[in-house]
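Here is the structure we will look at.
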Amino acid sequence: MTPPVPPTPAPELTWEPPHLIPNFWWRWATVLGLVAYLAYASTALDLNWARFVHGLPRAWDFISRMVPPSFERWELIVSGGLESLRMALISSFIGVVIGVPVAVGASRNLSPWYVYLLSRGYIAISRTFPEVIIAILFVKAFGFGAFAGTLTLVAAASGFIGKLLAEDIEDIDPGQVEAIRATGAGGMKVLLYGVFPQVLPRLVGLAIYRLDINLRASTIIGIVGAGGIGSALFHSFKRYDYDFTLAILLVIIAMVMVAELVSTELRRRIQ
Amino acid sequence: MLQVENLVKVYPSGERALKGCNLTIEGAQVVAMIGPSGSGKSTFIRCINRLVEPTEGRVVLDGVDVTALGMARLRRMRRQMGMIFQEFNLVERLTVMENVLSGRLGYVSFLRALLRRYPRQDIAAAFRLLERVGLAGYHNNRADALSGGQRQRVGIARALVQQPKILLVDEPTSSLDPKTSRVILRLITELAAEREIPAIINIHDVSLAQAFAHRVVGLSAGEIVFDGAPHQVSAETLNAIYGEEDWSRTIRPVTEEGEETADPPATPPIAAGVP
Amino acid sequence: MSEGTEQVWRRHTRQESLQRFSIQFGLTAILVWAVATLDIYWPFALDAPRQALDLARRMVPPDWAFTPHVLQPLLETINIATLGTLLAFVLAFPIAIMNARNTSYNVLTFWVARVIVVATRSVNELVWGLIFVVIFGPGAMAGTVAIAVRSIGFVAKLLAEAIEEIDRGQVEAIEATGANRSKVFLVAILPQIMPAIMGVAVYRLDINIRQSSVIGLVGAGGLGIVLTGAMNLFRWNRVAVILVAIFLVVVASETISAALRKRVT
């Protein structure tokens, strides 16, 4: 039986256990570096045990004020929740509508370089900034309320769909596209018959996934004034109505969980 | 040494894997257990160290009732039972030496295991065992870089570094080629003889069983239907165990290299309850 | 002569057609409801493009002189993300063990772990930030704990999945030597999930950097605080600089993270 790897020389009676980082100096440098960083970071952030312990009675006070949750002002919860739902639905739809051409533009196999760069740039900007930041900017630009919120989610969704769909488009079978081109069809028809049939299942899955994400996002961008149940949440904090806060939180958690279940189930059925 | 009394195992699905098995092993015997797939060989051997919990029955090792022990004492008892597996079951990402030393886990503290500071005698024993199984110099190789036969040798070393009182071997050669299988089986039986400990070996190759074991036990559908010397395994026996077949090719041990004979190993063990 | 029945090609069967129609109808109905009931003040909406341009104009040119004031919060953001992720890992390990079917201690701990995972995942970082600002006061401490708590669910879920996928044979072998649960975990399970641990750590750190830049909006430290400050003072040129900083750090983090994850898996 030939050994696949050559053995090391004759064994001594001592054995050094293998380390993650074999080189002695690198290993200790990393360890010390890590310890130093932890020490620096915790002092820079002013983290210490005393502050933590100090916070515990406040935590207890907070929790006791949250429980039991108060659904007294349930109309606010319902209206906020519905507004979040509407924002999520509309923005997902428009997001897909915009996202598809963006995706086509961002696919190297379908577009000229200037369109490609432009689309990729748009995708980069919309995906780099967290939704909340986009929300703040839009609120400042367009005023408080669901309009800014919907636009925020449209921007985020179009970038999301654009990027992921573009990845899929770049992966398609070029043979099918070629065949359609060979019939003399041009531009839109090639897209319709050659490209879309291949990416449609994934697009539907992405749309459902994005709807789920948008619903989550729509519940919190209200914190910065962009509509939805988030603003009710924020105001309850400011007014110390912590039992109302808990009620809203529970509703948000329920909405998110239901959305996730429905979304996973639907996507499972489609694939 | 080892007494198995009325061992019964019923799985939650209702399957009766073992229907009351009795086995007694005295002295340093190599016992081969043969039988078709699903006959309960794996279940039987795992009931001895309670990797599978028996439904009824007793297992007594060296006077200690294994089946009645609580978890902590069971673990101490397991240290004395070395197990060798069909799929080798080495921790792939660890080196050969770490795998062999893991046999001593029952003896060292968690802290030592964490820092991998095993006692010097353990390391020395590991080196000796690696040399004995023919893997000298391989101690720093990663387990997943070895061939099947080499991995099984590490498995053997791991079982033996426990300094066990008995070897439980579950189909050690099913994943190996015929030549390697003989080498591995010879290694196991030689080591068991050197340390004067008994070994129970599950094996489906009847000719190998006859060539290397002192005693053959046949299991069929959860019951022991044969218990005797290798040369007593006849066509009728195999019919009882496996069902009707032309057994003429299977019974004679194959003498390819001319080194195998039909006789059992040189040192005769104390004969167990052979009918 | 032919019988009179022509071959008609239908793309869908009658049943499929009906299905498709009802789905399309349903979707359209939902959308119409959503648009109709959304509370939009149309004069504002139509004015939107002009407003957007106005805002953009005010951000340019960015106030580069403000950059030094951005560096310290930037560092704070990174620190919050790193410490938060680290803390989350430490806390998530036992929860992951409880959450994996093959290592969970008993049914009760399994469900408790499940609840913790779901709860921390469903509540957004910003909300955790709000909660911990109330408890610990504004500042980076609230932010670090918020990031940590939110990450626990994510990390624990992925680690539990990794634990459930390990090779049971290796665990069996170590159990057979007489090792107890903790040693079995150390020697048989941990080496098998190492790649998963590395991958999840890098992945979550990347997400956390993004989130840390935002929690300052509720007062929990980092760039978000400078951002709100500049916005409240209508210093849009400074806002632009902060946005550039956020953009750069997120892109950097994403590139490093993607490269590291390729190496690990």
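What follows draws every value from the coordinates through simple rules; no lab data is involved. Treat the numbers as computed from the prediction; the structure is a model and nothing was measured. So basically every Cβ, Gly included, is an ideal-geometry build from the backbone, and we count neighbours across all protein chains shown.
What is the average number of partner chain Cβ atoms found within 10 Å of a Cβ in C:54-64? Each step should come with its number before you reach the end.
Working: counts 1, 5, 2, 0, 1, 1, 0, 0, 0, 0, 0.
Mean partner shielding for this stretch: 1.
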**OP:** Return the sequence-ordered ³J(HN,Hα) values of region A:129-141 in whole Hz as given by the Karplus equation 6.51 cos²θ - 1.76 cosθ + 1.60 applied to θ = phi - 60°, using x for Gly and Pro.
**Re:** 7, x, 3, 4, 5, 4, 4, 4, 4, 5, 5, 5, 7
Subject >> Expected 222 nm ellipticity per residue - DSSP helices of 4 or more, -39500 (n - 2.57), all of chain B, to 500 >> reply: -9500 deg cm²/dmol
Original post:
Along the charge dipole of region A:139-211, Cβ charges K/R +1 and D/E -1, which of A:L165, A:G187, A:G145 sits furthest on the positive end?
Top reply: A:G145
Subject >> Under the Karplus curve 6.51 cos²θ - 1.76 cosθ + 1.60, θ = phi - 60°, whole-Hz ³J(HN,Hα) for region B:172-188, x wherever Gly or Pro sits >> reply: x, 10, 4, 9, 10, 6, x, 5, 4, 4, 5, 4, 5, 4, 5, 4, 4
Original post:
Going by the alpha-carbon gyration tensor, a ≥ b ≥ c the square roots of its eigenvalues, is chain C rounded (a/c under 1.5) or, if a/c is not under 1.5, prolate (a/b greater than b/c) versus oblate?
Top reply: oblate
**OP:** Would you mind ranking A:M87, C:M59 so that the residue whose beta carbon has the fewest other beta carbons within 10 Å leads the list?
**Re:** C:M59, A:M87
Subject >> Number of partner chain Cβ atoms within 10 Å, mean per residue of B:113-121 >> reply: 3
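Pairs C:K157/C:K262; A:K238/C:K157; B:K19/C:K183: which exceed 28 Å Cα-Cα?
Working: C:K157/C:K262 21 Å; A:K238/C:K157 33 Å; B:K19/C:K183 34 Å.
Violating the 28 Å Cα-Cα cut-off are A:K238/C:K157; B:K19/C:K183.
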**OP:** Only Lys, Arg, Asp and Glu count, each charged at its Cβ (+1, +1, -1, -1), so figure out the dipole size of region A:74-270 about its Cα centre, rounded to 20 debye.
**Re:** 300
Subject >> Approximate spin-label separation C:V32-A:D61, in nm, with each point projected 7 Å along Cα-to-Cβ >> reply: 5.4
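Only Cα pairs under 8 Å and at least 6 apart count here; give the relative contact order of chain A as a rounded whole percent. Could the numbers behind the result be given before it?
Values: 295 pairs, mean separation 67.8, N = 271.
Contact order relative to length: 25 percent.
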Original post:
If Lys and Arg each add +1 and Asp and Glu each add -1, what is the summed charge of the other residues whose beta carbon sits under 12 Å from the beta carbon of B:R117?
Top reply: +2
**OP:** Kindly put B:C21, B:C47 in sequence by how many other C-beta atoms sit within 10 Å of each C-beta, fewest to most.
**Re:** B:C21, B:C47
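Excluding B:N202 itself, calculate the net charge of residues whose Cβ lies under 9 Å from the Cβ of B:N202, where each Lys or Arg counts +1 and each Asp or Glu counts -1.
On the way: positive: B:K41; negative: B:D170, B:E171.
Residues near B:N202 contribute -1 overall.
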Subject >> Amide H partners (placed H, <5 Å) of B:T55, local residues excluded >> reply: B:V8, B:K9, B:V10
**OP:** Compute the Cα gyration tensor for the protein assembly as shown, then decide on rounded, prolate or oblate, letting a ≥ b ≥ c be the square roots of its eigenvalues: rounded whenever a/c is under 1.5, prolate when a/b is larger than b/c in the other cases, and oblate in all that remain.
**Re:** prolate
Subject >> Highest average packing first - B:193-206, A:180-193, Cβ atoms within 10 Å >> reply: B:193-206, A:180-193
Original post:
Which far-off residues, 5 or more places away or on another chain, put their amide H under 5 Å from the one on B:R215, with H placed in the peptide plane?
Top reply: B:V30, B:A32
**OP:** Using the Cα centre as the reference, give the magnitude of the dipole from point charges on the C-beta atoms of region B:105-239 (Lys, Arg: +1; Asp, Glu: -1; all else neutral), rounded to the nearest 20 debye.
**Re:** 900
Original post:
For chain A, what are the per-bin percents of Cα-Cα distances with bins 5 Å wide, up to the bin holding the maximum?
Top reply: 1, 5, 9, 10, 10, 10, 9, 9, 9, 8, 7, 5, 4, 2, 1, 0, 0
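Defining a contact as two alpha carbons under 8 Å apart and six or more residues distant in sequence, what relative contact order in percent does chain B show? Mind showing how you got there, number by number?
Working: 527 pairs, mean separation 71.0, N = 275.
Relative contact order of chain B: 26 percent.
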Original post:
Just A:V195, A:V132, A:V154 to compare: in a GNM of chain A, with alpha carbon springs under 10 Å, which one fluctuates most?
Top reply: A:V195
**OP:** Quick one: order A:S119, B:S37 by neighbouring beta-carbon count within 10 Å, fewest to most.
**Re:** B:S37, A:S119
Subject >> Given charges at Cβ of Lys, Arg, Asp, Glu: the protein assembly as shown dipole, positive-most of B:C21, A:S111, C:N180 >> reply: A:S111
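Take each uninterrupted DSSP H stretch in chain C, measure its Cα extent along the helix axis, and return the ones at 20 Å or beyond whose mean Kyte-Doolittle hydropathy is at least -1.0.
C:14-37, C:42-59, C:67-99, C:107-122, C:140-164, C:190-212, C:236-264
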Original post:
Can you work out the FRET efficiency for the pair A:R269 and C:S17, with r the C-beta to C-beta distance and R0 = 22 Å, to the nearest 0.05?
Top reply: 0.70
**OP:** Give the long-range amide H neighbours of B:F226: residues separated by 5 or more places, or on another chain, with amide H under 5 Å away, using H modelled in the peptide plane at 1.01 Å from N.
**Re:** B:G218
Original post:
Any idea what diffusion coefficient region A:149-263 gets from Stokes-Einstein, in µm²/s, Kirkwood Rh on alpha carbon pairs, 4 °C, 1.567 mPa s?
Top reply: 77
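Roughly how crowded by other chains is peptide A:149-157, in terms of the mean Cβ count from those chains within 10 Å of each of its Cβ atoms? Mind showing how you got there, number by number?
On the way: counts 1, 5, 3, 0, 0, 0, 0, 0, 0.
That average works out to 1.
Need one word for region A:31-140: rounded, prolate or oblate. Basis is the Cα gyration tensor (sqrt eigenvalues a ≥ b ≥ c); a/c below 1.5 gives rounded, then a/b vs b/c decides. The partial results should precede the final answer.
Numbers: a/c = 4.18, a/b = 1.35, b/c = 3.09.
In terms of gyration-tensor shape, oblate.
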Subject >> Charged-residue dipole, Cβ positions (Lys, Arg, Asp, Glu), the protein assembly as shown about Cα centre, Debye nearest 20 >> reply: 2340
